[in-house]
Structures are given as C-alpha cells and as structure tokens.
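Enquirer: I'd like to ask some things about the structure below.
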Amino acid sequence: MNEFRFSFPASLIAGKSRLSAEDLMTLRKVTFPDGIRTPDDAITLLALQNACPEKCEQWNTFFVEALTEFVVHHSHPQGLLSENKVDWLIRMLSDDGVVKSPLELEAILHIIEVSSDRSTDLSTLALDQLRLAITRGAGAYTRPTDPAHRPGITLRDLDYINRILRAAHDRGRLLLSASEIAALGKIAAATSAAVNHPGWEELMACVQLCEEERPRTSRWLRVSDDIFASDGRAA
C-alpha cells in the first residue's frame with residue numbers, strides 16, 4: 001500500500017494533511033463516478049484512508065458504505081462472503097490480527113451485517129478486537145480501562161458482541177464455530193465474572209458449536225485481488 005500510485009485528482013488529495021468535504025465531492029465525481037466497482041477503486045479508497053491523517057466527517061460514512069457495497073454486491077460471488085473476499089479484507093484492514101482503526105472496524109461490522117451469509121473468520125477477528133481492548137488497551141475497539149481493577153463485560157460490550165453474532169442466533173441458541181467460541185472464551189478469561197454484566201452469562205449459556213459450517217475453498221488456492229471483478233475475471 002505504501003508504494004501505491006494515485007491517479008489525478010486522488011494524487012493531489014492524498015498529499016494533503018486533511019481530506020475535506022470538497023475533496024470528497026471531487027473524488028465522488030472524478031475518481032469514483034460510479035462508486036467503488038473495481039479492485040483498483042477499492043485499493044484507491046483504502047490508500048486514501050491511510051494517506052490522509054485527518055478527514056471530514058462525511059468521509060466515514062462514504063468509506064464504510066462504499067467498501068461494503070463493493071465487497072458484498074459488486075465482487076464475485078455477489079452477496080456472499082467467500083474465503084477469498086474475507087482473506088483480502090483481513091489482509092487489507094488489519095495487521096497481525098489487529099484492525100487498523102475504528103473506521104475500518106466499522107466497515108467490517110457493516111459488511112457482516114449486510115452480507116447474506118456468515119464468515120466465521122471475519123466475526124472471530126471482530127470478536128478478538130474486544131479481547132485486545134481488554135487485555136492490552138489496543139486494537140480498533142475502544143473502551144474505558146481501569147488498570148487497578150480486572151475489567152468486566154459491559155452492556156456496550158454485549159451490544160458489540162451481539163452485533164457481530166446476530167446472524168448466528170437460532171431459536172434461543174447461538175450457533176458458533178470453534179474459532180468464535182474460542183474467541184469468546186479468551187474474552188471470558190480476561191474479565192472478572194463478578195463484575196460482568198448479567199447478559200454475558202445469559203449469552204454464554206446459549207452458545208453451541210455449529211456442526212454444519214459452510215464448506216471452505218482449499219487454503220492453497222490463492223488468487224490476485226482481480227478475483228473481485230464482478231464477473232470473476234481479471235479486470
């Protein structure tokens with residue numbers, strides 16, 4: 001991403017310390033007239049996110065909605081979170097399991113919500129941001145910390161977890177993969193049961209291992225980012 005070369009006018013905007021509302025309007029008219037439709041568009045969007053230290057408030061909504069629209073609806077397979085899509089997202093939005101920023105975490109959450117299927121890898125990554133916040137004060141999920149006391153799960157934390165796992169609820173059960181259950185277990189180990197919100201115990205009581213996970217493509221199959229072209233061919 002550091003060696004990425006912008007085209008005009010994104011090249012001028014990327015050199016600024018602040019991306020303004022006027023800059024965003026220019027990007028929408030010139031650089032992304034049809035939205036984010038190709039892998040090159042997506043890489044440009046992510047590069048701009050990394051290049052400009054400050055951004056206007058409107059950028060946040062544009063970034064989340066545009067990236068979600070591309071990943072879910074304008075890349076193959078449409079509407080689904082294939083393994084290749086998820087691997088690409090994790091590679092682009094995180095470093096060593098740590099999501100780069102709250103905005104990129106919001107994009108992950110929105111993609112989870114909008115997609116018509118579930119990616120347990122993506123939800124596990126999102127869950128682990130809570131553990132990182134609790135144990136290290138790191139990651140894209142922010143929460144108040146008190147070094148003098150072992151933290152407990154708060155109502156806000158529960159809302160976050162339920163946002164990630166909403167699609168896994170099934171008639172009073174929470175059907176999760178082994179990796180998702182392990183992520184919740186690490187969160188539990190990092191907190192104090194005595195101060196956890198009562199809803200945490202209720203949530204954990206509903207957890208069951210999902211025996212029928214969607215078949216995954218073999219991990220040896222690696223493709224370039226061009227797989228995200230809407231017709232499945234190289235752009």
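The values are calculated or read from the model by the stated rules, or taken from the named source; none is laboratory data. Because the structure is a prediction, the values reported are computed rather than measured. Glycine also receives a Cβ, built like all others from the backbone with ideal geometry; neighbour counts cover every protein chain displayed. Accessible surface is based on the protein model in full, side chains and every heavy atom, while ligands, DNA and RNA are left aside. Shrake-Rupley method; radii C 1.70, N 1.55, O 1.52, S 1.80 Å.
Enquirer: What does the highest-first list of 84-91, 201-208 look like by mean Cβ count within 10 Å? Write down the numbers at each step before the final one.
Expert: Working: 84-91: 18.5, 201-208: 13.6.
Sorting 84-91, 201-208 by mean packing, highest first, produces 84-91, 201-208.
Enquirer: Search the structure for amide H atoms under 5 Å from the amide H of residue 55, placed 1.01 Å from N in the peptide plane, and list their residues when 5 or more places away or on another chain.
Expert: It is 19, by chain and number.
Enquirer: At 7 Å along the Cα-to-beta-carbon direction for both residue 194 and residue 8, put a label point, then send me their distance in nm to one decimal.
Expert: A separation of 6.7 nm, rounded to one decimal place.
Enquirer: Computed FRET efficiency, Cβ-Cβ of residue 18 and residue 95, R0 30 Å: what is it to the nearest 0.05? Let's see the in-between values first.
Expert: Details: r = 24 Å, r/R0 = 0.80.
The formula returns an efficiency of 0.80 here.
Enquirer: Using +1 on the beta carbon of Lys and Arg, -1 on that of Asp and Glu, and nothing else charged, what's the dipole of the chain about the Cα centre, debye to 20?
Expert: 280
Enquirer: Let me ask you something else. Output the relative contact order of region 85-210, whole-number percent, from Cα pairs under 8 angstrom with separation of 6+ residues. Don't skip to the answer; put the middle values down first.
Expert: Details: 144 pairs, mean separation 33.7, N = 126.
Worked out over region 85-210, it gives 27 percent.
Enquirer: Let me ask you something else. Only one of the values [x] 45, 28, 12; [y] 38, 16, 15; [z] 33, 23, 14 was calculated from this structure for semi-axes √(5λ) of the Cα gyration tensor in Å; name its label.
Expert: [z]
Enquirer: What part of the accessible area of region 56-180, given as a whole %, is carbon or sulfur when the probe is 1.4 angstrom? Please list the in-between numbers first.
Expert: On the way: 2790 of 5400 Å².
Solvent-exposed carbon and sulfur of region 56-180 make up 52 percent of the total.
Enquirer: Can you work out the accessible area per residue across the chain, with the rest of the protein chains kept in place, probe 1.4 Å, in square angstrom? Please report the intermediate quantities before stating the final value.
Expert: On the way: 12480 Å² over 235 residues.
Accessible surface, normalised per residue, equals 53 Å².
Enquirer: Taking H placed 1.01 Å from N in the peptide plane, check which residues at least 5 places from residue 99 or on another chain put their amide H under 5 Å from its amide H.
Expert: Hits under the 5 Å cutoff: 140.
Enquirer: Moving to a separate point now. Given the chain, what percent of its DSSP beta bridges are antiparallel, to the nearest 5?
Expert: About 40 percent, rounded to the nearest 5.
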